[in-house]
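As structure tokens, the structure follows; a few thoughts come after it.
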Amino acid sequence: MRKLALVFVLAVLAPSLVLAWLAVRSVRDQQFLLERQQSLLYQGATDAIAQNISQRLSQQQQDFSAAVENLAASNAPGLIALQFDSDIRKSWPLADVGFSVILSGPATCTLACPLPTAGPAAQRFLVDNGGFLGNSETAEVYLNNYNSKAPSQKNTLVGDNGFGTNGYNNNNSQGQQWAQKSEPVPQQANAEPIGQNAQNKGKARSVIPQGANYQTTANQTDLADNNLSKVIPAEAEFRQLIGDGTDGTLARFLQNKLKIMFWHRLNRDPNYVFGAQLNLQRLVADLHDMVQPDSALTNEICVAILDDNAHPVAISRPGFHTVWKRPFVATEIGETLPHWEIAAYIVDPSRLTQAVCTETIILGLLIAVLVFAISVGGWLIVTDMNRQLALARQKTDFVSNVSHELKTPLTSIRMFSELLAENRVADPSKQRAYLQIITAETARLTRLINNVLDFSRMERGEKKYNVRDADLLNIVKETIDTYRPHLENCGFEMECVLAPGQLPIRADTDAIAQIIVNLLSNAEKYSNGEKKILVEAGRREGPLPCAEVRILDRGSGVPRGCEERIFEKFYRAHDSLSSGIQGSGLGLTLARQIARAHGGDVIYEPREGGGSCFALRLPLKMD
Ligand code: ADP
């Protein structure tokens, strides 16, 4: 038993508990997982929008180049260079100020346009950019060069330092981004390496994305903590920056204001570079329609384009307010709009918590149900094991009880028959008494053997009943008449109260007689005090009218708590050792099984004034 319990604990209980513990832990991780999932989903959305915006800007750049080529198609480049400012503003709506630079020699540039006389915008432009575009000053710029034909200008792609992860620029097959490791332009010997001083320029981002924590692994935490921008400026002269490229974007911050310039080198004469400073408001207006997230996410998040001060310039849900600096996720747009971000905000943050709660509750319930099922299963196994063990013990007891029951009558039969056979008893009355004992003991043996045989037949489902019309009163009378002499010989006083008339039933009379004999035999065995047995038979009106035989004794009665168990096979409330009463534990089992096979029952109730009352109830035969 102990071994079985140990196996059960090791093989079932312990692994189940470990699994339950793991499941509880996974429930705890659910929130993190769900938020991570959401964060990746929303990050994908902002990455896609940033990518689209980069593509749109690249398209704008191409439109600008086309506009320049268009202007140059009809006129000589020198003439176009002089009036480019006014021409480009007319033909290309995004231009605020147009400029033209004539390249001569390896490091000389002449700014041909705009002229200071062109107006206040042109004057401001010249103050801000005159030195830089004339190649006499360096400037800190963020640049995108397209169609660079100079393989010698091995500018390191930004993908190296992780730019590609946010999805901008790396989709642009023509785009290159300058980074810290840019090499010097060979044909400009006096030029400094582009971006050489950019090593420490990693500026903190203007936003602190909340979902970033879910996307980083432990060793990436520092990176996330610093929250540095991946868009890094390069400081160089104009010629050095444009190199041999044909198109490009230059972005710079002047008095903390972003200025964006597109430039294009004339196909016909590469010494002419035309450019335009963009009108930022018009550019943003053009991007307005791009802030919409995927339709599945429109109800979940609000997407905004944030400028370099984390102010929203376009949002997907008009009227939405939040702390703009703290989006759930955000993606930098890239060098064309440096330090501008596409940020996503959760519209209803409680929905996420609710979803986590629901998932946690469902998982918790599942775990509880599983643990409950395992416990109930375990309990059932243990109970069944106990039952099997008890049954095995009872079977062993049964064998010893039956052997003992066989031995006692056999001993007395042998002893008395030997006395009679050897003519050692002369007194005829004694001879008769001995013969009666032999008869009674033989009857006891027959009863015992019948019980055992019937029991095994019933267990195998082979017991057959010869059912016919009968009168229960008759069966009772006949059985008592047979049994009475034996009881009276043993000093019992027997009273029989039978109802008048008949109690018609349909039954196997022998089987019913066997029940009555078993009950009488028990009354005899367990009457250890007053030797009085009362048999009553009659009609019982009860909830359902039936025929009833009651056998009452004045013995010790059935111990409390065993009233039902005495009907179980092999069960004995008075064991042979302590009570000295022999038995097999089968008499009542058989009595009840036979009664139930006839549609009736055998029940026990304590007798008023002490003793037992066993009642056999059978259905009356209907006419
Ligand atoms: P047994 O061979 O042990 O008598 P039974 O199935 O006939 O087997 O009875 C089961 C148990 O019921 C007995 O062991 C005894 O404890 C209890 N019992 C049966 N009849 C009586 C009775 N008349 N008075 C008290 N206890 C009884």
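No value in this document is a laboratory result; all are computed from the given coordinates. Note that the structure is predicted; figures quoted are calculated from it, not measured. Cβ placement follows ideal geometry from the backbone for every residue including glycine, while neighbour counts extend to all protein chains displayed.
With a cut-off of 8 Å between alpha carbons and a minimum separation of six or more residues, what is the relative contact order of segment 470-538 in percent?
50
Only counting other Cβ atoms within 10 Å, I'd like 87, 601, 623, 510 sorted with the fewest neighbours first.
623, 510, 601, 87
In whole Å, how far is the Cα centre of segment 473-515 from that of segment 350-386?
Between the Cα centre of segment 473-515 and that of segment 350-386, the gap is 59 Å.
Check the straight Cα-Cα distances from residue 407 and name the aspartates and glutamates below 19 Å, setting aside those fewer than 8 residues away within the same chain.
By straight Cα distance, residue 407 reaches 397, 418, 441, 575.
Treat every Asp and Glu Cβ in the chain as -1 and every Lys and Arg Cβ as +1, leave all other atoms uncharged, and give the resulting dipole magnitude about the Cα centre to the nearest 20 debye.
The calculation lands at about 1860 debye.
Read phi for every residue in segment 515-532 and hand back ³J(HN,Hα) as whole Hz from Karplus 6.51 cos²θ - 1.76 cosθ + 1.60, θ = phi - 60°, with x for Gly and Pro.
3J(HN,Hα) across segment 515-532, in whole Hz: 4, 4, 4, 4, 5, 5, 4, 5, 4, 5, 5, 9, 8, 8, x, 6, 8, 10.
If you rank 465, 604, 142, 345 by fewest surrounding Cβ atoms within 10 Å, what's the result?
Fewest-to-most ranking of 465, 604, 142, 345: 465, 604, 142, 345.
Can you tell me the 0 to 90 degree angle between the C-alpha axis of helix 472-489 and the longest principal axis of the chain, rounded to 10?
Taking Cα atoms only, the helix is inclined about 60 degrees.
For every other residue with a beta carbon closer than 12 angstrom to the beta carbon of residue 487, add +1 if it is Lys or Arg and -1 if Asp or Glu, then tell me the sum.
-2
How large is the charge dipole for segment 462-539, taken about the Cα centre, if only the Cβ atoms of Lys, Arg (+1) and Asp, Glu (-1) carry charge, to the nearest 20 debye?
200
222 nm [θ] for the chain, helices only, -39500 (n - 2.57) per DSSP H run of 4+, per residue, to 500?
-15500 deg cm²/dmol
Just want the ordering: 97, 425, 27, from fewest to most Cβ atoms lying within 10 Å of their own Cβ.
Fewest-to-most Cβ neighbours within 10 Å comes out as 425, 27, 97.
Using only Cα atoms and rounding to the nearest 10 degrees, what angle (0 to 90) does helix 77-91 make with the longest principal axis of the chain?
50
For segment 294-373, what relative contact order do you get, as a whole percent, if you take Cα pairs closer than 8 Å and at least 6 residues apart?
Here the relative contact order equals 28 percent.
Could you work out how far helix 428-460 tilts from the main Cα principal axis of the chain, as a 0 to 90 degree angle to the nearest 10?
20
For the chain, what is the relative contact order in percent, using Cα pairs closer than 8 Å and at least 6 residues apart in sequence?
11
Kindly work out what percent of the DSSP beta bridges joining two residues of the chain are antiparallel, to the nearest 5.
90
What spacing in nm lies between the two simple spin-label points modelled at residue 425 and residue 288, each 7 Å away from Cα in the Cβ direction?
Label-label distance for residue 425 and residue 288, simple model: 12.8 nm.
Taking θ as phi - 60°, what are the ³J(HN,Hα) couplings along segment 59-68 by the Karplus curve (6.51, -1.76, 1.60), each to the nearest whole Hz, with x for Gly and Pro?
Residue by residue, segment 59-68 yields 5, 4, 4, 5, 4, 4, 4, 5, 4, 5 Hz.
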